[in-house]
Amino acid sequence: MNQFTFESKQKTILLAFMGLGALCLALSFFMDAQPAHARFWSNFLHNTVFFTGIAFVSLFVMTAFITAYAGWYVLFKRVWEAYAAFLIPGLVMLGVVILGLWTGWHHLYHWADPAEVAKDPILEHKSSFLNKNWYTLGTLIIVGAWIFFQRRLRSLSLAEDKLDSTGDFSLHRKMKVVAAAFLPIGAFTSAAMIWQWVMSVDAHWYSTLFAWYSTASWFVACLALTILTVVWLKSKGYLEQVSSEHLHDLGKYLFAFSIFWTYLWFSQFMLIWYANVGEETVYFNTRRHEFPVMFYGNLFINFLVPFFILMRNDTKRKYGTMVFTSLIVFFGHWWDYFLMIKPGVLETASHLGHGEDHGEAAGHGAEHLSEAASHGADHAGDVAHAAATHASDFVSGFTLPGLLEIGTMLGFLAFFLFFTLRQLEKASLLPKNDPYLEESKHHHVM
Amino acid sequence: MKDQNTDVLYGLYDDEQDLLKAVKEAKDQHLEIMDVFTPFPVHGLDPLLGLAESRLHIAGFVYGAIGCLFGFGFMTWVFTRDWPIIFGGKPYFSAPAFIPVTFELTVLFASVGMVVTFYTICGLWPGVKNPTLDDRITDDKFCIAFNASGAEDSEVDKLKGFFSGTGASEVNMKTI
């Protein structure tokens, strides 16, 4: 069967999960203990960035493979094409975050508050990059450019199906040009977007490795989801020619990039730990002391589990083992993004709560002036105060993912799958005129 | 056994596809292949010959684990017991700083250990006498070899018939 049909039963299940996700989002909006609905907004940002990133990475992998003359993936390349199409809803959801930025619905970003920036030399210094205009235009233009490349590649790939002969490579040559042009653009712009979307949540902090590290996280999540989708499609009787040989190579990618992710994670950690500069260590100190389960668990499920399970040859060829590992690793990288975003949002929210109380109590201009004069010492006091109160506190939805977070994630996942399965339905699963199709059919790794 | 000379009847093929077909054919005719030589690894040859999967990687894992524990343990002993020095205000036991060296030692132990094990299993050491059937099997020829020691003429004829039937470009007898 080369034509995928999206059965109504599957639609119902996915719609039910999307409903669950919407319900969880609504609950976290109305039952939020944090100021400015920080729990709701951080959940929204977390899942939006995570799933948009998976769409971006699938486009990136595809273009890298086309440029590298890779052939083995062609049998299931329609899955990646479908994933990449999720960039469009991704941009819409990022549009909601942008809208919230301008209207002040959320306080995810410390740098978005002009009053905070005015009294903070670090934020003021960074304000040429961390500002609303850059965030908005950057997101619209850059994700827009990704969507342009995605649509171009997809339309060329679909046009190739309609060719009369397999010997016509003219469209494939065009795809190679599109792919090669996208590679540097995608690589550099994704870094800039990650700084804006994720790293600027901790507005004072920065790391030059961060973009690499979080892209690697997307990459592994994308591979895990690909394995799950391919195995599911096979279990439904599609993709008959995708064999354990292809699964083996996907498993190798999952294994290798789990190690690559760990390498980057550790490189970032060790340099900051060794240099011991206060502005940098604050990031890991917060996570180690206030989020210890998340912090160490992150390494356990994203490094030790895939490393030891996927080390052997035969585990990468077994459908059950691969599904098991992919589920763990997919959840693990969602968890990784949770840990990137939540502590910073909580910190900003605690400042917000603190500042509001302060404002109500003060009311006198004189006090305000003296506060501004000694703001350096005051600020340090604030941080110490926040750290002291948080160290012992369990903040639901932040310290660990709660039921609402899991439900939101399932909702977004269902949305992602619903959208991508709709895309899969639009074209044959077998790109019958791809010049590398024959190579993919005869792919052997052992 | 080592000193005893072996008569080997071998055929050379020009293409790995011919070789794979010939190996299948030999299996069907129940001919006992002594060895197959190829200039590069041929996909699908190992299962056809019924060769068991190499267990070298298990040895590699063990060597790697030993290297990992040795590296980490040694540094821990040096920096906490034997010669404690404070570097950059860090505690004596600074696990993150030990990780890169531990990683390197894991790789070193695993790779050197596997090389030594592989050479030992293959009986390779400096100065070893290594008789080759034909120099061209290290270049572009694919070879199937049969042990023809003490074989009767009829058996040799049967093997020669097998070679000509499967498209061998050359058949030779050699004593090694």
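Quick note: the coordinates plus some simple rules give every number you see, no bench work behind them. Quantities reported herein were computed from a predicted structural model and do not represent experimental measurements. Backbone-built Cβ (ideal geometry, glycine too); neighbour counts: all protein chains shown.
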Query raised in the report: Based solely on its DSSP helices, what 222 nm [θ] is calculated for the protein assembly as shown when runs of n ≥ 4 H residues each add -39,500 (n - 2.57) and the sum is averaged over all residues, nearest 500 deg cm²/dmol?
Result: -22500 deg cm²/dmol
Report summary line: Of the convex hull drawn through the C-alpha atoms of segment B:56-122, the volume per residue in Å³ is 74 Å³
**Report entry** In segment A:41-95, chymotrypsin sites (Phe, Trp or Tyr not before Pro) in a DSSP loop with at most 11 other beta-carbon atoms within 10 Å
**Finding:** A:Tyr69
Report summary line: In chain A, helical segments from DSSP H whose Cα atoms cover 15 Å or more along their own axis and that average at least 1.0 on the Kyte-Doolittle scale are A:8-30, A:38-67, A:87-103, A:210-235, A:403-425
Query raised in the report: Which of the aspartates and glutamates could a cross-linker span from B:Lys174 if the Cα-Cα distance has to be under 18 Å and same-chain partners fewer than 8 positions apart are dropped?
Result: B:Asp3, B:Asp7, B:Glu32, B:Asp35, B:Asp134, B:Asp135, B:Glu152, B:Asp153, B:Glu155, B:Asp157
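In segment B:1-97, which trypsin sites (Lys or Arg not before Pro) are in a loop and have at most 13 other Cβ atoms within 10 Å, using DSSP for the loop call?
Answer by residue number: B:Lys2, B:Arg55.
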**Report entry** Alpha carbon Rg of the protein assembly as shown, scaled by the compact-globule rule 2.2 N^0.38 Å
**Finding:** 1.21
**Report entry** Using alpha carbons only: equivalent-ellipsoid semi-axes of chain B, gyration tensor based, whole Å
**Finding:** 52, 17, 13
Query raised in the report: What helices does chain B hold that run 20 Å or longer along their axis, going by alpha-carbon atoms, with a Kyte-Doolittle average of -1.0 or more, using DSSP H for the helix calls?
Result: B:56-77, B:95-122
Query raised in the report: Hey, got a sec? Which chymotrypsin sites (Phe, Trp or Tyr not before Pro) in segment B:81-176 land in a DSSP loop and have at most 14 other Cβ atoms within 10 Å?
Result: B:Phe87, B:Tyr92, B:Phe93
